[in-house]
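The structure appears right after this line, and notes come after that.
The values are calculated or read from the model by the stated rules, or taken from the named source; none is laboratory data. These figures come from a predicted structure and were not determined experimentally. Positions of Cβ are backbone-derived with ideal geometry, glycine not excepted, and every protein chain shown enters the neighbour counts.
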Amino acid sequence: MRGRGLTFFLAFTLISTIILVMLGSWQWNRRTEKRAFIARIAEAAGQPAKPLGEASLWDRVTISGRFVPGKTAYVRTSRPAPKPGERDSRGRVPVSGFGVMVISAFSTEICQGGTCWPGEVLINRGFLPTPPSGEIPALETPQGHVSLTGFLRPGEREGLFPPYNAPEKGLFFFRSTEQIAQTLGLAGWPLPTQGRHPALAFAASIDLEALPHETAAPFGIDMPDLLKSIPNNHLEYAITWWSLAITNLVIAALFMRASRRRRDENAVTDGN
């Protein structure tokens, strides 16, 4: 390889190696962010619950009020089959298979700075297994005034690929809280001190904390199990990208060495 071909090869090797190194560095930074995120949730899980009006995302919160009759949405999801011998934090075999997240409207008061406003909050009551037909099993909603504890979390966005939410059909695959709130006809609550539009009140929802002796679906969120389920493979990804970058350079070096050897052999042949 000579001239323009060699220049192109070296340029391609250099550019691709730089890209691979950058991808590895990106995954390394994502690892740092993910570890901080997991530590943030673990810390919040061990803290006393805060009133909703004083909480930040992923804080453990407490809320009192009533579930709104007839205002429940179902987000289609699934849980992987447990590995042999696998148990959750309470020694139970994890629930698996297809099902739904039960998202119910909850009427309450949100207090901030000494001022309270009535409003409705979306509560993720947990995972409800469904039969192969996908039919939603009969489900009772708690009646009367209740106090709940859970974790304030942001809504989800649809992915680039299907399935997509179909709010007009009441069909959801992602917890797009604003879409769900609009479908259920929730009004939100005014937050004049923050200058926010009421619709933004549904940018977050509450994951209901699992009860100590919970035996019937829907099953609330058990934080130790949630923390274990959060993927954190960024170190492996970073090593993979950096290994490919090193491989790139090794292959280029071997190719250049072989090319030089051929040139030397040709020069000896031509000299004879």
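See the values below:
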read-out	value
Selected residue (only one of Gly65, Gly85 is at positive phi and in contact with a strand residue (DSSP E or B) (Cβ under 9 Å, 6 or more places away or on another chain))	Gly65
Segment 74-87 residues that are free of Cβ contacts under 8 Å to residues at least 40 places away in the same chain, paired with ones that are part of a strand (DSSP E or B) (beta carbon under 7 Å, 6 or more apart)	Ser78/Gly97; Ser78/Phe98; Ser78/Gly99
Criterion: loosely packed, with under 13 Cβ neighbours inside 10 Å and more than 18 Å from Pro69 (Cα to Cα) - qualifying residue of Pro94, Pro132, Pro82	Pro132
Residue match in segment 110-122 (condition: modelled with pLDDT of 90 or more and under 13 Å from Ser205 (Cα atoms))	yes
Residue in segment 118-127 that is surrounded by fewer than 18 Cβ atoms within 10 Å (Cβ to Cβ) and over 19 Å from Arg66 (Cα atoms) present	no
Candidate set: segment 146-186, residues that are of a type in the set (S, T, N, Q) and in a loop (DSSP other than H, G, I, E, B); chosen: the one farthest from Gly46 (Cα to Cα)	Asn165
In segment 52-111, the residues that are of a type in the set (Gly, Ala, Ser), more than 18 Å from the chain's Cα centre (by Cα), in a strand (DSSP E or B) and more than 20 Å from Thr141 (Cβ to Cβ)	Gly97
Some residue of segment 1-21 being among the β-branched types (Val, Ile, Thr), within 30 Å of Leu244 (Cβ to Cβ) and in contact with a His (Cβ under 9 Å, 6 or more places away or on another chain)	no
Out of Arg30, Arg76, Arg60, Arg87, sole residue that is in the same structural domain as Ala138 (by TED's automatic domain parsing), of a type in the set (Lys, Arg) and touching a helix residue (DSSP H, G or I) at 6+ places or on another chain (Cβ under 6 Å)	Arg60
Filtered residues of segment 129-168 (kept if among the hydrophobic types (A, V, I, L, M, F, W, C) and closer than 24 Å to Asp59 by Cα)	Val146, Leu148, Phe151, Leu152
Test: residue in segment 187-203 that is modelled with pLDDT of 85 or more and crowded, with 16+ Cβ neighbours inside 10 Å	no
Index of the failed condition, Ser64 passing every other in (1) at pLDDT 90 or above; (2) surrounded by 15 or more Cβ atoms within 10 Å (Cβ to Cβ); (3) under 30 Å from Asn124 (Cα atoms)	(2)
Residues of segment 135-148 classified as closer than 19 Å to Gly65 by Cα and either surrounded by 15 or more Cβ atoms within 10 Å (Cβ to Cβ) or β-branched (Val, Ile, Thr) (or both), total	3
Matching residues in segment 120-157 - criterion: being within 16 Å of the chain's Cα centre (by Cα) and polar (S, T, N, Q)	Asn124
Residue within segment 19-26 that is exposed (fewer than 14 other Cβ atoms within 10 Å of the Cβ) and under 28 Å from Tyr237 (Cβ atoms) present	yes
